[in-house]
Each structure stands twice: as structure tokens, then as C-alpha cells.
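Participant: Before I ask anything, let me first share the structure, which is written out below as C-alpha cells.
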Amino acid sequence: MDNIDIKIIEMLQKNAREAFATIGKRVQLSAPAVGKRVKQLEEKGVIEGYSLLLNHKKLGITTRVYIVLKIHQSSTLKTAYNQIINLKEVQRCDRITGEDRLQILAFFKGHQDLVTFIERISQYGIPNTSIILEG
């Protein structure tokens with residue numbers, strides 16, 4: 001990886017849909033040359049994929065929370081993780097240090113949906129919920 005690859009990555013991080021021609025002008029390469037470099041970065045695993053940035057307010061999401069779930073028994077940690085990571089409200093689920101715990105970032109259309117979610121995951125452990133006020 002060289003400085004040109006780094007510049008390409010930086011531009012794609014800002015706008016994953018940026019035209020290769022636009023990137024090429026910035027790094028002084030042709031659009032096909034940029035496309036070839038991007039493909040190589042994908043094949044090497046440097047670029048793993050592309051994501052979509054949503055306006056959650058316009059989708060009706062009013063409640064965003066972090067939940068730290070202290071798992072009841074360490075034997076259920078993997079099961080809990082595999083179940084929770086696939087729930088539609090979950091944006092991120094990480095195993096964190098300390099006692100067996102998961103940190104969950106989840107989005108909801110309202111507080112009642114949050115309550116239902118907490119009831120659902122409580123079978124795996126004790127949740128500690130923090131509502132995101134700004135961010």
C-alpha cells in the first residue's frame with residue numbers, strides 16, 4: 001500500500017460512492033487505474049465493504065441506547081451474542097472486558113420498543129441501559 005492507496009481510501013471513507021474519475025483527478029490517475037487499485041484493496045481485504053449512512057430521525061427512530069448486559073453464566077455468552085447480534089434493533093454488539101459482558105448499541109422507534117427489547121434480552125443477563133441524549 002502506498003500514499004496513493006491511502007488517499008483513495010481517505011476519499012472513499014468520506015464518500016463511498018465517489019466516482020473513480022473524481023478520485024483519479026485528486027491522485028493523478030485515470031478512472032480505470034483507480035478502479036484497479038480499489039479492486040486490489042478489496043481483494044487484499046483492506047476494503048471489506050461499503051456502508052449506508054441513514055437519517056434515523058426521518059426513519060422514526062427516537063430512542064438510541066447503549067446497553068451493557070452482564071451475562072448470567074459464562075456458558076451462555078456465545079449463545080447470547082449470537083442471538084442478540086441478529087436482532088433488527090441492534091446496530092452493534094461487542095464482547096467487552098471485565099466480567100462476561102456484552103455492550104449493545106440499539107435503536108428504537110420509542111420507549112415501549114426499548115422495554116420489549118430489554119425484556120427479551122434479560123433472559124441472558126442483567127441489562128444496564130443508557131439512553132443517548134446527543135450524538
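Participant: Enter the angle in degrees (range 0 to 90, nearest 10) between the Cα long axis of helix 111-121 and the first principal axis of the Cα atoms of the chain, meaning the one along which they spread out most.
Facilitator: Approximately 80 degrees, to the nearest 10.
Participant: Related question: Return the whole-Å distance between the Cα centroid of the range 59-77 and the Cα centroid of the range 88-135.
Facilitator: 2 Å
Participant: Apply 1/(1 + (r/R0)^6) to the Cβ-Cβ distance of Arg92 and Asn128, taking R0 = 22 Å, and write down the FRET efficiency to the nearest 0.05.
Facilitator: The formula returns an efficiency of 0.85 here.
Participant: Could I get the Rg over Rh figure for the chain? Both from C-alpha atoms, Rh via Kirkwood, rounded to two places.
Facilitator: 1.14
Participant: Let me ask something else about it. Let a ≥ b ≥ c be the square roots of the eigenvalues of the Cα gyration tensor of the range 63-131; is it rounded (a/c under 1.5), or, if not, prolate (a/b larger than b/c) or oblate?
Facilitator: In terms of gyration-tensor shape, prolate.
Participant: Another question, then. Please name whichever of Tyr66, Ile84, Ala19 sits farthest to the positive end of the charge dipole of the chain, dipole taken about the Cα centre and charges placed at Cβ: Lys and Arg +1, Asp and Glu -1.
Facilitator: Ala19
Participant: So what is the calculated 222 nm ellipticity per residue for the chain, using -39500 (n - 2.57) for each DSSP H run with n of 4 or more, over all residues, to the nearest 500 deg cm²/dmol?
Facilitator: The helix-only estimate for the chain comes to -11500 deg cm²/dmol at 222 nm.
Participant: Using only Cα atoms, tell me the angle between helix 31-43 and the longest principal axis of the chain; keep it within 0 to 90° and round to the nearest 10.
Facilitator: 40 degrees
Participant: Per residue and in cubic angstrom, what volume does the convex hull of the Cα atoms of the range 3-43 have? Provide the component values of the computation, followed by the final result.
Facilitator: Values: hull volume 2.4 nm³, N = 41.
So the per-residue Cα hull volume is 57 Å³.
Participant: Using only Cα atoms and rounding to the nearest 10 degrees, what angle (0 to 90) does helix 3-14 make with the longest principal axis of the chain?
Facilitator: Roughly 50 degrees, rounded to the nearest 10.
Quick note: the coordinates plus some simple rules give every number you see, no bench work behind them. Just so it is clear, the model here is predicted, and its values are computed rather than measured. All Cβ positions, glycine included, derive from the backbone under ideal geometry; neighbour counts span all protein chains shown.
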